[in-house]
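Notes to accompany the following structure.
The values are calculated or read from the model by the stated rules, or taken from the named source; none is laboratory data. Keep in mind the model is a prediction, meaning the values are calculated, not measured. So basically every Cβ, Gly included, is an ideal-geometry build from the backbone, and we count neighbours across all protein chains shown.
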Amino acid sequence: MFVTRRDRNLLTVCLVMSALFKIIAGLRMPQEPAKFVTASLRASKRIFDEPDVSLAGRTSLITGANSGLGREAAIKLCALGSKVVLLCRNPALGEAAVKEVKAKAGPNGGSVSFVPLDLASLASIDACVARLQSEVSNVDVLMNNAGVMAVPTREQTVDGFETQIGVNHLGHYYLTAKLWNAGLIAPSPANGNRVARVVNVASTAHFFGELETAMMDNDLLLARPGAYSPWGAYGNSKLANVLFTRELAARLRKAGRDDVVTFSLHPGVCRTDLWRHIAGALPKVPRSLLPVVGLAALPVALPLAVPVATAALTFTKSSKEGAQTQIYLAASNKLDLAGSSGEYHDNFKVAKTSDSGRNPAVAAWLWQQSEALTGAKFDGL
Ligand SMILES: NC(=O)c1ccc[n+]([C@@H]2O[C@H](COP(=O)([O-])OP(=O)(O)OC[C@H]3O[C@@H](n4cnc5c(N)ncnc54)[C@H](OP(=O)(O)O)[C@@H]3O)[C@@H](O)[C@H]2O)c1
């Protein structure tokens, strides 16, 4: 059959359109779309370079530190002198990250070690905290960084939680509560530190979150038929990071605990492994047809390649660039610790959240759900 160039172009346009529709259909419309888009496109490439910051004598824990933003943050905090403990689920990746962090932090850096942690298992978190009790005397920085994004179909953690809320929020809630109850989240007097920091890595994807709906349906785990969508669940989990931070800060203030502060942040849209599930949102093309589709796509794809790649590089960050706001929140001497505790940050500044991210009723409900599902309460808060 004779196929003209025009036919090929038409076929390519159809394929690209259907891929886009598939992706868009999988996406949930964000609340306040204009704010979401502008917040997502701000990609400052600024690097944290505050002089006279030393973390010598301090201890930092970082979850999901074997790749992406967590590994970059580990390198910097270690280079600034901190003892850094990488909390990772895969021992081989954790040990490899220890070597890389040590090498990149340089000879004047602090120490680095690895402790296993699977946030998808409360038993694993218990074991991690038990081990930390014998390995560290206190935690100056807890960086709740690990995450999974847009898992294509509803999956569950060991304890039966929907995976994204389970790993991204409930696992971190439980870890923080257990460390708190063990008395570990506290500043070390070394280096004059008087305030411990809990840094929660959230996202502008919290604009997708609809925890009000989950609250009305009493369905944080999205167990109702049709309640689950890959981006909706991710948005809920990132909104939970924002609200957990606000509620924890409010409770710390009320209890007069000005020695512990907490922040959430959006790192930027970053070129990390987090995007691993995106391929699952593309239409499936039979392997045998891939060369045909590839060839057909060339005439349209080639002219678009340069502008698309340029836009992608302009509006996204490398892992190193993306890690800078969480490094700043963990290490800066210039930060208004008390004043900005509980706030959401973006590109080194306090930023506005979605309306849901400031809803105290949802924050209170989430806290109560987190207590009930994990069985952990923060002593005294
Ligand atoms: N990249 C972005 O564009 C972007 C934008 C906004 C927010 N964020 C947030 O930034 C944080 C870091 O993500 P990233 O971009 O650096 O992605 P990444 O390179 O994929 O890192 C995620 C880390 O989380 C770990 N992890 C996943 N499930 C875990 C579990 N059950 N227990 C313990 N660790 C687990 C991963 O471990 P394995 O290597 O074993 O899988 C990995 O080390 C996430 O919270 C993400 O939501 C990222």
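Okay, here's what the table says:
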| item | result |
| --- | --- |
| Where a residue in region 26-38 is within 19 Å of ALA233 (Cβ to Cβ) and its partner, wherever it lies, is modelled with pLDDT under 70 and surrounded by 16 or more Cβ atoms within 10 Å (Cβ to Cβ), with Cβ under 6 Å and at least six apart | GLY26/ALA281 |
| Scan of region 61-96 for residues that are more than 9 Å from the ligand (Cβ to nearest atom) and among the hydroxyl-bearing types (Ser, Thr, Tyr), ordered by number | SER82 |
| Condition check for THR245: of a type in the set (S, T, N, Q) and over 21 Å from the mean Cα position of the chain (by Cα) | no |
| The one condition in (1) assigned to a helix (DSSP H, G or I); (2) farther than 29 Å from GLY209 by Cβ that PRO51 fails to fulfil | (1) |
| Residue within region 296-315 that is within 16 Å of the ligand (Cβ to nearest atom), within 23 Å of VAL242 (Cβ to Cβ) and modelled with pLDDT of 75 or more present | yes |
| Leading residue by the ranking (farthest from the ligand (Cβ to nearest atom)) among those in region 226-278 that are among the acidic types (Asp, Glu) and assigned to a helix (DSSP H, G or I) | GLU247 |
| Residues located in region 117-150, provided they are over 24 Å from THR262 (Cα atoms) and touching a Pro at 6+ places or on another chain (Cβ under 6 Å) | ALA150 |
| ALA205 being free of Cβ contacts under 8 Å to residues at least 12 places away in the same chain, of a type in the set (Gly, Ala, Ser) and farther than 21 Å from ALA250 by Cα | no |
| Residue match in region 160-174 (condition: on the phi < 0 side of the Ramachandran plot, outside any helix (DSSP H, G or I) and more than 10 Å from the ligand (Cβ to nearest atom)) | yes |
| Some residue of region 33-50 being closer than 19 Å to GLU321 by Cα and over 20 Å from the mean Cα position of the chain (by Cα) | yes |
| Out of GLY147, GLY160, GLY166, sole residue that is more than 16 Å from ARG276 (Cα to Cα), touching a residue at least 40 places away in the same chain (Cβ under 8 Å) and within 14 Å of the chain's Cα centre (by Cα) | GLY166 |
| Failed item, numbered, when ALA281 is tested on (1) at pLDDT 75 or above; (2) buried (at least 17 other Cβ atoms within 10 Å of the Cβ); (3) of a type outside the set (Asp, Glu); (4) on the phi < 0 side of the Ramachandran plot | (1) |
| Any hit, region 81-91, residues being buried (at least 24 other Cβ atoms within 10 Å of the Cβ) and in a helix (DSSP H, G or I) | no |
| Residues satisfying the stated conditions in region 134-182, i.e. touching a helix residue (DSSP H, G or I) at 6+ places or on another chain (Cβ under 7 Å), more than 20 Å from VAL85 (Cα to Cα) and either of a type in the set (D, E, K, R) or not assigned by TED's automatic domain parsing to the domain that holds GLY232 (or both) | GLU155, ASP159, GLU162 |
| Within region 112-139, considering residues that are in a helix (DSSP H, G or I) and β-branched (Val, Ile, Thr), the one farthest from the ligand (Cβ to nearest atom) | VAL129 |
| Any pair with Cβ under 6 angstrom, 6 or more apart, that starts in region 311-336 at a residue that is over 11 Å from ILE47 (Cα atoms) and among the basic types (Lys, Arg) and ends at one that is within 11 Å of the ligand (Cβ to nearest atom) and outside any helix (DSSP H, G or I) | LYS317/ALA43; LYS317/GLY268; LYS317/CYS270 |
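Residue-wise test of (1) in contact with a Lys or Arg (Cβ under 9 Å, 6 or more places away or on another chain); (2) of a type in the set (S, T, N, Q).
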residue	(1), (2)
LYS99	no, no
VAL115	yes, no
SER137	no, yes
ALA146	yes, no
